[in-house]
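Note sheet for the following structure.
Just so it is clear, none of the values below were taken in a lab; they were calculated from the coordinates. Predicted, not measured: the structure shown is a model, and the values here were computed from it. Positions of Cβ are generated from backbone atoms using ideal geometry, with glycine treated the same way; all protein chains shown enter the neighbour counts.
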Amino acid sequence: MRSIIDWHIHSKFSRSCSKSLELPQIGKWCERKGIDIVSTADWTHPEWFDHIKEYLIEDGSGLLKLKDSSSKTQFMLTTEVSQIYKKGDKCRRIHNLIFSPSLEACEKVNQEFDRRELNRRSDGRPILGIDSEELYKMLKDIDERIIVVPAHAWTPWYSVFGSKSGFDSLDECFGSMTPYIYAIETGLSSDPVMNWQISKLDRVVLISNSDAHSLNKLGREANVFDLENPTYDELVRILKEQDKKKFLYTIEFYPEEGKYHFDGCANCGFSCHPTESKKLDYRCPQCKKPMTLGVHHRVDALSDRDAETVRARKIPFKSIVPLEEILAECLGVNSTNSKKVAEEYLNLTDKVADEFSILLDVPIEEIARATDNPYIPEAIKKMREGDMAIKPGYDGVFGQVSIFGPEGPRKPKQNGLF
């Protein structure tokens with residue numbers, strides 16, 4: 001049975017996050033999105049941990065459900081931590097995900113953080129002045145079943161391979177704990193093909209998550225498994241063994257749409273491909289300051305092979321454009337937050353299916369029957385075929401997707417289809 005999982009989201013207690021991110025609402029939105037298992041998020045934060053205990057109940061599987069059964073969505077105890085520390089005469093800024101098998105294990109981790117006087121209350125994603133190897137050792141001492149996964153592994157400022165403060169290998173970062181790194185999160189600005197270029201990453205599996213800061217961003221990336229009775233231990237086993245029979249594929253944001261794909265300078269509105277930034281000595285041609293070197297640049301720097309040589313033995317992926325973005329273009333509005341987009345989104349997910357099914361599976365004719373807008377079914381068809389243009393993101397600026405191009409959608413035939 002297909003199970004879609006998003007292991008990385010945030011709560012209302014994380015900075016720059018929606019106040020609507022509470023567990024009952026998250027559960028309901030996951031059903032509309034098509035997500036079966038989602039992160040609890042932010043379980044290191046004292047108030048959010050109380051919220052988790054108030055609303056969720058364990059069943060012994062390592063997964064949790066809402067006590068009032070208001071949603072069928074299952075939850076898994078994963079959270080993100082931010083680490084800033086010095087190693088090798090360089091300041092490191094790294095984000096890691098922590099997967100926990102139980103509330104009891106979370107409680108023990110929180111107690112140890114408090115004993116070390118690490119501030120859990122300031123943010124849902126706390127800043128810890130602790131080395132990644134030391135952190136992982138501490139977590140394993142608390143509960144052997146806990147695992148750590150590097151978050152958005154390539155983003156320039158806060159990641160294990162970031163151009164600004166990261167490492168050139170997992171071993172440099174995690175040392176003796178590297179054998180217990182079973183997966184890395186590719187992040188919005190890279191996709192599996194980019195990561196396949198680095199042979200040292202063959203030992204880990206690639207996962208994709210939304211890093212959602214609001215309800216409507218849930219599932220913009222996700223992981224798809226074949227599971228009958230999912231458990232925490234089974235999911236960790238699948239990651240550890242890279243079980244292709246159970247791990248079917250990842251659902252990917254087009255990496256060009258991520259906000260750190262190309263090199264650039266947001267202040268000047270300038271971006272470029274890594275080959276061009278080299279010619280510019282990595283400086284913005286307008287303000288002459290160093291550009292932020294993006295994920296594409298960093299991957300190229302560490303790559304040592306052609307990705308196509310290993311595609312056949314890798315877990316595959318499918319690329320999507322979020323439904324709200326498609327609707328915004330079809331409706332001719334500039335923002336995915338518009339009332340028109342919200343109304344059409346609810347219409348389609350009420351009448352047709354959840355968002356993932358609409359984007360991936362539902363016949364185009366069925367989508368066409370559910371909407372008065374003839375451009376929407378064509379746009380989804382073009383998206384499935386990869387027929388679109390994307391202006392790459394850079395230096396914190398998201399990329400821009402254009403399905404129909406600058407001239408906009410063409411007029412439909414008389415029968416309303418294309």
Identify, among MET388, ASN347, ALA370, the residue whose Cα sits farthest towards the positive end of the charge dipole of the range 322-402, taking +1 on the Cβ of Lys and Arg and -1 on the Cβ of Asp and Glu, with the dipole about the Cα centre.
-> MET388
For 279-285, 105-111, 144-150, ranked highest to lowest by mean beta-carbon neighbours within 10 Å, the order is 144-150, 105-111, 279-285
Which stretch or stretches of the range 153-178 have amide N atoms under 15 Å from the point lying 7 Å from LYS90's Cα along the Cα→Cβ direction?
-> 154-175
In whole angstrom, and with the biggest value first, how far do the Cα coordinates of the range 62-215 range along each principal axis?
-> 46, 37, 28
Would you work out which of ILE146, SER214, TYR180 lies farthest towards the positive end of the dipole of the chain, given +1 charges on the beta-carbon of Lys and Arg and -1 on that of Asp and Glu, about the Cα centre?
-> SER214
By how many nm would the segment from ASN229 to ASP202 grow when fully extended, if each residue of separation counts as 0.36 nm and the alpha-carbon distance is taken off?
-> 6.9 nm
What is the extension gain from GLN25 to ASP281, computed as 0.36 nm multiplied by their sequence separation minus the C-alpha to C-alpha distance, in nm to one decimal?
-> 87.4 nm
Residues listed by number, the range 121-149, amide nitrogen under 13 Å from GLU58 label point at 7 Å toward C-beta = 143-146
Counting other beta carbons within 10 Å of each Cβ, put MET138, MET1 in order, fewest first.
-> MET1, MET138
Simple spin-label estimate for LEU331/ARG305, 7 Å along Cα→Cβ, in nm, reads 4.6
Proxy exposure order for ASP350, ASP191, ASP395 (fewest C-beta within 10 Å first) is ASP350, ASP395, ASP191
Percent of all Cα-Cα pairs per 10 Å bin for the chain, counting from 0 up to the last occupied bin, reads 5, 22, 32, 27, 13, 3, 0, 0
Most exposed first by the Cβ proxy, i.e. fewest other Cβ within 10 Å, how do ARG15, ARG220 rank?
-> ARG15, ARG220
Mind checking the full-extension length gain between TYR180 and ARG115? Use 0.36 nm per residue of separation minus the Cα-Cα distance, one decimal, nm.
-> 20.9 nm
